[in-house]
Every structure is written in structure tokens, then in C-alpha cells.
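The structure appears below as C-alpha cells.
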Ligand code: CO8
């Protein structure tokens, strides 16, 4: 568990974990300390099979994450900047590869590295006040935490080019239309919507959810035939689990399933 003075806090509440960036005075900008703490928390979560969902969020109303820390970056030379980028890449990959479903709760600005961080979650729920964009070109930079790759894969090349090359900010509705925000909610309704989806995921077969995530993620890294073979293999494996036996028996007996702890 993270310490009280860490800029990233990890709270566990039953089968839910909340990973929260706490630097509201700098709009939660990502400096090296935040990135290292994110990586360490993600590594801690990676072995927690008892946890089903991780919420990625940040402190304050105004900003999810306003990008990499520009003051800290302004002091870097080329090789230090490459190392900084790799630190971000490792932290975001650790989040992306978590066995749990990771949901980004975006309530305000998600810019540059902040948008890249949100894209490392499995999906994004946004407040209607959220603003998204890649302002790096305004600073004479390019996205450096995987954004050129993850964003183009998520929304397609044409839209990614427009967003990355213009450096403009876009509304939550535009982000949903672009296909990388799942739903947009009035600020006061965001947590209710989040709670609803978290409860829905946690009510399902825990190891089925882990397996489903793993197959979706791993399948994206290979061709479709290999991905479908992987799906078949894991589908078969499910039939040796008590969870699948219970889920199917419950359906046939017209009763709710009773899933036990993850297998
Ligand atoms: N870095 C450091 N500090 C920041 C950042 C940031 N990205 N964003 C905001 N802050 C600070 C401000 O400096 C200010 O601090 P202070 O109160 O001490 O002056 C405080 O947060 C509040 O910000 P503003 O006063 O600017 O608030 P506004 O409401 O006027 O504006 C904005 C909000 C529009 C979000 C504005 O702050 C802004 O444009 N921020 C920068 C956004 C940006 O350009 N982000 C992209 C950064 S580059 C990046 O993310 C690259 C990632 C890949 C890096 C790879 C490694 C090499």
C-alpha cells in the first residue's frame, strides 16, 4: 500500500482498488516521482487475484492529468528525455497489463501524457466537463508515452492524425464520438455510473473476467487466426473451472450463481 506522502495513493476496498494521482496543485501533471509510484502500485496490484476492478482517477475537480510535467521536462537533455519517456512507457504498460479490469475516471483535463495514461486503462468514463487532447506539438514536442501508437490503434489513423497534429482540445462528447470514451455523464452522476459498471463486473465470474481481458488484450497483439485459436484454447480451459460449472448450473436451475474467490 502507498504511503501518505506519495503523489499516488492506492486504496483497496473489497474487490475494488482505487489508484489515485494526488498532485492537484499542478493539475496532476506526471513527473518522474508520479510515474515511478504508478509503476510500483501497478506492480503491487499485478499479483492481487482477489481484486477484480481498478479505478484510475485523480484528485480535484479540474484535471485528470494535464500531461507530463513541463517544468521538469524543460530541464532534460535528449538522453534524459528518452529515459523519462521509457519510465512512462513502463508505468503505462504495467497498468495496461494488469489482470484486473482498469477503468479511467476522467473528470477534467486529460491532455498529452494524461490522455496517454487514460488510454492505458481498459476503458474510460468521462464527466461532461472533461477535455481531451494532445497539445504536445504546441510545445514543439510529440506524444512520448505511447500516444502516437495507442491512440491511432484506438481511433484510427485519420482521427489520430487530426488530434495529434492540431494539438486542439476536444469535449467529452467529441471523445465519445471518436470512440475512445465509453460514456459521458453529468459531473454529479459520474460516480454513480462508475459504481454501476464496477458492481456489474464484480458480480460476474471473477476468473472468467480475468480470462476475457487477457484474451482480448493478447489477441490485439497477434493476427486474427492466432487470436481466435487463443480464444478457443482459453474457452476450453474454462470448462475445467468450478466457476463455469456453477455459472451454467445456476442458469439451468434458474437461480443466481454463487461465485467464490478467483481461481
Ligand atoms: N506540467 C507542469 N505544470 C502544469 C502542467 C503541466 N503539464 N499543467 C498545468 N500545470 C500547472 C501550472 O503551471 C499552474 O501552476 P502554478 O499555479 O504554479 O502557476 C497550475 O498547474 C494550474 O495551471 P494553469 O494556471 O495553467 O490552469 P488553467 O486553468 O489556466 O489552464 C490548462 C489549464 C489548459 C490545462 C493549462 O494548465 C495547460 O495548458 N497545461 C499544459 C497542458 C499540456 O501542454 N500538456 C502536455 C504536456 S507534454 C506531454 O504530456 C508529453 C507526454 C510525453 C512525454 C514524454 C517524455 C519525454
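Kindly provide the set of residues from the range 55-81 that are within 7 Å of the ligand (Cβ to nearest atom) and assigned to a helix (DSSP H, G or I), ordered by number.
Passing the criteria: 70, 71, 73, 81.
Is there a residue being out of contact with any helix residue (DSSP H, G or I) (no Cβ under 8 Å at 6 or more places or on another chain), assigned by TED's automatic domain parsing to the domain that holds residue 54 and either over 29 Å from residue 202 (Cβ atoms) or near the ligand (Cβ under 10 Å from one of its atoms) (or both) anywhere in the range 115-125?
no
A quick yes/no check of all residues on (1) more than 19 Å from residue 118 (Cα to Cα); (2) in a helix (DSSP H, G or I):
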position: 170; (1), (2): no, no
position: 191; (1), (2): no, yes
position: 197; (1), (2): no, yes
position: 213; (1), (2): no, yes
position: 234; (1), (2): yes, yes
position: 245; (1), (2): yes, yes
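Yes or no, residue by residue, for (1) farther than 23 Å from residue 54 by Cβ; (2) surrounded by fewer than 20 Cβ atoms within 10 Å (Cβ to Cβ):
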position: 131; (1), (2): yes, no
position: 157; (1), (2): yes, yes
position: 197; (1), (2): no, yes
position: 205; (1), (2): no, no
position: 212; (1), (2): no, yes
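Run down 112, 133 and say which single residue is closer than 22 Å to residue 8 by Cα, touching a residue at least 24 places away in the same chain (Cβ under 8 Å) and near the ligand (Cβ under 10 Å from one of its atoms).
Numbers: 133 fails: closer than 22 Å to residue 8 by Cα.
Criteria check complete, one pass: 112.
Which of (1) touching a strand residue (DSSP E or B) at 6+ places or on another chain (Cβ under 9 Å); (2) within 24 Å of residue 210 (Cβ to Cβ); (3) buried (at least 23 other Cβ atoms within 10 Å of the Cβ) is the odd one out, the single condition residue 111 does not satisfy?
The single condition residue 111 does not satisfy is (2).
Determine, yes or no, whether residue 5 is part of a loop (DSSP other than H, G, I, E, B) and free of Cβ contacts under 8 Å to residues at least 12 places away in the same chain. So that I can check it myself, show each step before the final result.
Details: part of a loop (DSSP other than H, G, I, E, B): yes; free of Cβ contacts under 8 Å to residues at least 12 places away in the same chain: yes.
The answer is yes for residue 5.
How about the range 13-30: which of its residues are in a strand (DSSP E or B), farther than 17 Å from residue 94 by Cβ and touching a helix residue (DSSP H, G or I) at 6+ places or on another chain (Cβ under 8 Å)?
Start the filter on the range 13-30 by keeping residues that are in a strand (DSSP E or B), which leaves 13, 16-21, 30.
Subsequent filtering for residues that are farther than 17 Å from residue 94 by Cβ retains 13, 16.
Within the range 13-30, 16 is the sole residue that qualifies.
Can you report the number of residues in the range 46-58 which are without any contact (Cβ under 8 Å) to a residue 60 or more places away in the chain and out of contact with any strand residue (DSSP E or B) (no Cβ under 6 Å at 6 or more places or on another chain)?
Adding up the residues that qualify gives 3.
Which of the residues belonging to the range 93-108 are part of a helix (DSSP H, G or I) and under 24 Å from residue 191 (Cα atoms)?
Kept after step one, since they are part of a helix (DSSP H, G or I), are these residues of the range 93-108: 93-96.
Answer for the range 93-108, where residues must be part of a helix (DSSP H, G or I) and under 24 Å from residue 191 (Cα atoms): 95, 96.
Of these, 90, 49, which one is outside any loop (DSSP other than H, G, I, E, B), more than 9 Å from the ligand (Cβ to nearest atom) and either within 29 Å of residue 212 (Cβ to Cβ) or outside the structural domain of residue 127 (by TED's automatic domain parsing) (or both)? Steps first, please.
Numbers: 49 fails: outside any loop (DSSP other than H, G, I, E, B).
Within the list 90, 49, the selection yields 90.
Within the range 178-188, track down each residue that is surrounded by 13 or more Cβ atoms within 10 Å (Cβ to Cβ), part of a helix (DSSP H, G or I) and out of contact with any helix residue (DSSP H, G or I) (no Cβ under 6 Å at 6 or more places or on another chain).
187
The values are calculated or read from the model by the stated rules, or taken from the named source; none is laboratory data. Everything quoted here is computed from the prediction, not taken from an experiment. As a convention, Cβ positions derive from the backbone with ideal geometry for all residues, glycine included, and neighbour counts pool all protein chains shown.
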